[in-house]
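Worksheet: one structure, shown below.
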Amino acid sequence: MKSRPNVKNGRTPRVGARRRAHLFLWALLLFPLKVRAADIAVRIDPQPKTTRVEGEFRTTVRPELVWEVVSDYDHIHDFVHSMVASRSTLDSLGVRRVEQTAAGGLFVFHRRVNVVLEVDEERGHRIRFHDVLGKDFNRYSGEWVIETDSLGTRVRYELDADPRVPLPRSLFRGMLKDAAEDLLGEVRNEILRRAAALEATREVGTR
């Protein structure tokens, strides 16, 4: 005679464990383990139906090179660790879309999310984007803004996100904040890397 599993609140322990594991997979996707630069500022602005994250950093690198990195849709997976693939297309009407797959994982736990971003560019200044796939997010939209002032170049990032997987708001806000800090840090590092490589090339050319 088989023993009957304990049931609490209408759920078996196995179902509860499965749900916790599912939440854990999302946490791993958006909860990076890297050290961030101290000069990157990120804040969360809770909205009624979405979570908004706003972040920025400053650099002395010229804005043209910053734009080159931020708009490098086809190579972002080379310098952003969570990006598995990124590919941009331009249709006959001039509409640009960027298909991206991001992944996160630890030990045996892995999950991928997919978006197709429709992109609107103000060249050299602003990139607006929103997901038109709707597979993993009810809403996923935001923008990159590049500004210059007396202190140099300011890079701002904003994202409104609402995942289809049900997550506690407080947990998702923390994950989104950490993910934005990681993204901005890696974009900043790539900007500095390219600026250093360009400067090294110039120095060689002047010898």
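The values are calculated or read from the model by the stated rules, or taken from the named source; none is laboratory data. On a predicted model such as this, the values are computed, not experimentally measured, just so you know. Virtual Cβ from ideal backbone geometry, glycine too; neighbours counted across all protein chains shown. When the accessible area is computed, the model is the full protein with side chains, heavy atoms only, and any ligands, DNA or RNA have been set aside. Shrake-Rupley method; radii C 1.70, N 1.55, O 1.52, S 1.80 Å.
Computed values, structure above
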| read-out | value |
| --- | --- |
| Length added when fully stretched, residue 125-residue 43, from 0.36 nm per residue minus Cα-Cα | 27.3 nm |
| Solvent accessible area, Å² - residue 135, 1.4 Å probe, full protein context | 120 Å² |
| Magnitude of the charge dipole, segment 51-175, Cβ model with Lys/Arg +1 and Asp/Glu -1, debye to 20 | 520 debye |
| Accessible-area composition of segment 130-207, carbon plus sulfur, in percent [1.4 Å probe] | 50 percent |
| Farthest toward positive dipole pole in segment 85-159 [+1 Lys/Arg, -1 Asp/Glu at C-beta], among 103, 153, 116 | 103 |
| Where segment 59-207 is the region considered: accessible area per residue in Å², 1.4 Å probe | 54 Å² |
